[in-house]
Structure formats: C-alpha cells, structure tokens
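Engineer: First the structure, which I've put down as structure tokens, then a few questions once you've had a look.
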Ligand code: SF4
C-alpha cells in the first residue's frame, strides 16, 4: 500500500484551545493488542500535552479503539458514536470543544463509511498509522476531517512509540509488548487478515529495547503479543534466522525481567525451538493459549485451520513433555456452518481429552468479507445457543478442577496490585490466575512463595510461606 492521507471534507476552522493541559478519553474494545495500542496512543499524545482521563465528559478528545472480531461490531461503534455526537453537541453549547476519533480494526475496515455515516467524527485512524496521530489532530484543529488508514508495510511498527518510563511505572508490573502483527492464515471465520493485514515481525533490536525500557520502568512480567505471535521471525546478531524461541532466549537475558508469556499462537507455528524454550527457560511461564476452535476434522478443514485434531493433541503432548506443569487455554467456536451434532460431540470429546485450565468460547457469527459468511448451511441460533451452553459448562468444570488442583501447592506469586481488603494484595500465579494474599503494598513487584489455601469463583487464596 502507499502512504497516503485523505482529506474528505473541510469544515469551519475550529477554535484552538489555549488550555495547556488537554484530556483524552480512550475507550478500548477487544483484544490485548488494542489495550497495548491504546496505551501507546496515550503515550504519543502526552508529548502534545494530553493527559488521560477516565471521565468521558471531561475529555477534549474521545478515541474509540475498536474491535471487529465480534458480530455487529461496526453497528456497536455507530451507536456509541451516536451517543458521542449528543455529548459533543452539549459541550459545544457550553462553549467546550470535543474531538471524536475512531481507531482500531473497525476504523481500518470501514474508514470512509464511518466518516460518511457519522458526521460528528473528526478523525479515523487505522492500527498501522498511530504514529501519525499527533499530526492528524493538528489537521483536525485546522478544520479537516481526517482519514488515516493507508500505510506502507515498512511503516508497520512505526506506530508504536516507545513506552514512557513514568507511565510504565504507573501502569504496573506486568506489560504487553507487540512483536508481530497481521496474519496469513486466513481462517474462514476471521477478519484479522483483512483488518490487520499480512504477517509482519518487529525487528529484534526494537523489541529488546522496548523490553529493557519496560523493565527499567518496573515491569517484571512481559507478554509478547501478535495476532499469530509464534509466526514471529527475525535475524540474530550474526544474521542467523530466529524464531520466537530464540527471541524468548534473548529476552530472558534481560536482568530483572522475571516472567515471559506470549499470545496468541497457531498450532502450525509451534516449532521445535519454541517447544524447547518451554523446557529451557524458567522465565517462560507454564501457560499456553493454543486455540483449536473445533474438535471436528471436517469443521477444521472448513475453517481452513490446516491441521487435524490428532496433530493438535500430539503437539500438546510434545509441549507437555518439555514442560510437564504446562496448563492450556483455548478458543472455541460452536455452530460453524455445517456443524452437525456429531461434529459438536467431537469438540466435547477433544475438550475432555485435552483438559483446559481456561478457555474462551463463542457462537459462530458471520463476518462480512470472510469466506464463512458466504457458506450455506448456517446453524440455527437455538442450536448454537444450546451447544455453547453445554461446551461452557464442561469448560467451567475443567477450570474449577484445575483451580482445585492448585490448593495445597506452594508456588511463586508475582504481587501485582492492591486487593479489595485492607492489607491484601492480588498476585498472578504462573498459570495466570489471580491470587489473594496478605502482604504489604511496598511488596508490589516482588515474587514471593505462597501456599494456595482455597478457591473463589474467579480467584485463589494463599498464605505466605516463610
Ligand atoms: S490464525 Fe487467528 S488471526 Fe489468523 S486468521 Fe486464523 S483465527 Fe484469524
């Protein structure tokens, strides 16, 4: 694609605000990468005097960082924009200006349409062009309505300003770090290859530098992000080919970086070096999100997943041989077009075989532009709802069983933030569970030994082991 910006229409010059401090409210929808991008956008705007606010009514700029993965995502954005239009009008009546921007995957997919349907929107900016946000806002101030969605492939990681040290400290001891964007797998239900584009890996030097900055800002645990993160590839110091396993080795050398994770992975891209990293790196946490989506080979083929259930199960056996305490998380879609009762029974059977510590499951819904949307033989809503209920009951049972198995174990706990009760902190277990423990707030960021004493609906309880 070419680098290009578009001015769709001009509107009367807006009065420039003289206030030194301007406030930005960012509403984030969807995945962890959007959470990461929202933080980076806020960091980029800080250089222009913007501070983040949690109160939308106070904001000079409201940014919706949208997600296109769920059904009717675009419609939800339009209804949010309808409410924002009223707020903008009200504030204009009080002599206060408010700019409205739309970012994220809906912006990328529907940029022109958003500007056409939502006249209150000042700016539409796609996920690969966030580095142009400050300049785009200046153009809005000059009276333009701005569409910034086209990008050159080599720009792809320029949209990620380095994390700000002070803000990193304020955000806590765990952080995301994007290392890869886009996807070439083209699963037939998924919009990601169309909204985030083809797979691009971030260079090693950029990743290491950002990780170091995060650690300098107090971060102890980093989760590497990518739509297909284990497809990451790059070059080592002598030009040798690196995969995610080698990158994890390099990051594990950063002093003070205690924990590493990565998400989301495709089973086809789990190579030998990545599996070995699970064996060799104590910093790599024993928890892996490895979606399969369905337990039926017929449906996996229709989804273009390019692997079978037997291959998936064999792969898990190999990873668990490398790291026996590994726990798994997954994603499931029920009611993909053509899914029969037998196909669904295969999914239940696969879940029983694998045993998940955690999983996300959804009813299939069509995404315009994806091959799945054109398939006949759509499954009736009531059938999908029934299957989802049964699958979720099984997954919840497994999640509780996994939590129960933890009771009595002594584990390392990363103390993350204050708990609900005075004198209590919430920590993160190696398996991504929230754990409540009595500890001092000065210990946030420490990793301590605790014994798990009990389970709650969504968390565990522990006592410190002296
Ligand atoms: S691998 Fe993941 S991101 Fe890529 S097309 Fe499939 S579901 Fe979408």
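Each value in this text was obtained by applying a stated rule to the coordinates, not by laboratory testing. Since we're looking at a predicted model, the values are computed, not measured. With ideal geometry, Cβ positions are generated from the backbone for all residues, glycine too; neighbour counts draw on all protein chains shown.
Engineer: Could you give the nm distance between label points at residue 382 and residue 453, where each point is 7 Å from its Cα heading toward the beta carbon?
Structural biologist: Between residue 382 and residue 453, the simple spin-label model gives 5.0 nm.
Engineer: Can you give the relative contact order of segment 172-287 as a percent, counting alpha carbon pairs under 8 Å and 6+ residues apart? Before the final figure, lay out the partial values.
Structural biologist: Details: 209 pairs, mean separation 30.9, N = 116.
Across segment 172-287, relative contact order equals 27 percent.
Engineer: Sticking with this structure for a sec: Quick check for you: which residues of segment 172-189 have the amide N under 13 Å from the point 7 Å beyond the Cα of residue 331 toward its beta carbon?
Structural biologist: 182-189
Engineer: Let me ask something else. If we sort 242-251, 311-320, 432-441 on the protection proxy, mean other Cβ atoms within 10 Å, highest first, what's the order?
Structural biologist: For the peptides 242-251, 311-320, 432-441, the packing ranking is 242-251, 432-441, 311-320.
Engineer: Let me ask something additional. Under a crude label model (7 Å from the Cα following the beta-carbon direction), how far is residue 440 from residue 273 in nanometres?
Structural biologist: 4.4 nm
Engineer: With both bridge residues required to lie in segment 410-464, what share of the DSSP beta bridges run antiparallel, to the nearest 5%?
Structural biologist: Expressed as a percentage, antiparallel bridges in segment 410-464 total about 90.
Engineer: By how many nm would the segment from residue 91 to residue 390 grow when fully extended, if each residue of separation counts as 0.36 nm and the alpha-carbon distance is taken off?
Structural biologist: Taking residue 91 through residue 390 to full extension adds about 102.8 nm, to one decimal.
Engineer: Using r as the Cβ-Cβ distance of residue 310 and residue 51, and R0 as 56 Å, what FRET efficiency do you calculate, to the nearest 0.05?
Structural biologist: Computed FRET efficiency for residue 310 and residue 51 comes out at 0.55.
Engineer: Please compute P(r) over all alpha-carbon pairs of the chain, binned at 10 Å starting from zero, and give each bin as a whole-number percent.
Structural biologist: 4, 18, 27, 27, 18, 5, 0
Engineer: Now for a separate question. With N denoting the number of residues in segment 2-148, provide Rg(C-alpha) divided by 2.2 N^0.38 Å, to two decimal places.
Structural biologist: Computed over Cα atoms of segment 2-148, the ratio equals 0.96.
Engineer: As a footprinting exposure proxy, order 94, 57 by other Cβ within 10 Å, with the fewest listed first.
Structural biologist: Least to most surrounded, the residues fall as 94, 57.
Engineer: Let me ask another. Between residue 79 and residue 463, what is the label-to-label distance in nm when each label sits 7 Å out along the Cα-to-Cβ direction?
Structural biologist: Each label point is offset 7 Å from its Cα along the Cβ direction, giving 4.9 nm.
Engineer: For an R0 of 30 angstrom, estimate the FRET efficiency from the Cβ-Cβ distance between residue 235 and residue 186 and round to the nearest 0.05.
Structural biologist: Values: r = 26 Å, r/R0 = 0.88.
In this case the efficiency is close to 0.70.
Engineer: Could you please tell me the mean projected area of the C-alpha convex hull for segment 264-335, averaged over all directions and given in square nanometres to one decimal?
Structural biologist: In nm², the orientation-averaged hull projection of segment 264-335 is 4.7.
Engineer: For residue 70 and residue 374, FRET efficiency with R0 = 22 Å and r from the beta-carbon atoms, rounded to 0.05?
Structural biologist: 0.70
Engineer: For q = 0.13, 0.15, 0.19, 0.21 Å⁻¹, what log10 I(q)/I(0) does segment 348-466 give under the Debye formula with an equal point scatterer on each alpha carbon and no solvent?
Structural biologist: -0.65, -0.75, -0.95, -1.07
Engineer: Rg (Å, one decimal) plus Dmax (Å, integer) for the alpha carbons of segment 410-464?
Structural biologist: In order Rg, Dmax, the Cα atoms of segment 410-464 give 9.6, 27 Å.
Engineer: To continue, here is another question. Counting pairs of alpha carbon atoms under 8 Å apart in space and at least six apart in sequence, what relative contact order in percent does segment 294-404 give?
Structural biologist: Reported relative contact order: 31 percent.
Engineer: Would you compute, for the Cα atoms of segment 294-404, the largest minus smallest coordinate along each principal axis and list the three values in descending order, in whole Å?
Structural biologist: 43, 27, 24
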